[in-house]
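Below: the structure, in structure tokens.
The values are calculated or read from the model by the stated rules, or taken from the named source; none is laboratory data. Since the structure is predicted, the reported quantities are computational estimates derived from the model, not experimental observations. Backbone-built Cβ (ideal geometry, glycine too); neighbour counts: all protein chains shown.
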Amino acid sequence: MKEWTLKDLEEEYNLDFEKIINLIKKENAKRVLLQFPDGLKQYAKSIVDYLEEKTNSEFLIYFGSCFGACDTPQGIEKMNIDLMIQIGHNSLMPTYLI
């Protein structure tokens, strides 16, 4: 089985980590919620580790089901977050949401 690097993920799933980093910095987001589709959840920790290195933000990972960009976690208003980013692997879905 292939050992995936973040570069491999970015290319295979058309992810744009630089865009995510720039958005976090632009919004000065200190606490960020990341939501992943099931196919990318296994890489969530590696992605968070990378984003933590590049930003001064704290990250929360939502591990509940995600069926698309309109599927936001219930109770998000109580999570005390500055930004929510939905990471997808379909060109028809937005890569991030504010």
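Points to keep in mind about this one:
- Screening the range 10-19 for residues that are in a helix (DSSP H, G or I) and either in contact with a Phe, Trp or Tyr (Cβ under 6 Å, 6 or more places away or on another chain) or acidic (Asp, Glu) (or both) and picking the one that is farthest from Leu40 (Cα to Cα) gives Glu18.
- Number of positions in the range 21-45 that are more than 11 Å from the chain's Cα centre (by Cα) and either surrounded by fewer than 13 Cβ atoms within 10 Å (Cβ to Cβ) or of a type in the set (Ser, Thr, Tyr) (or both): 5
- Gly68 assigned to a loop (DSSP other than H, G, I, E, B), modelled with pLDDT under 85, buried (at least 17 other Cβ atoms within 10 Å of the Cβ) and out of contact with any helix residue (DSSP H, G or I) (no Cβ under 7 Å at 6 or more places or on another chain): no
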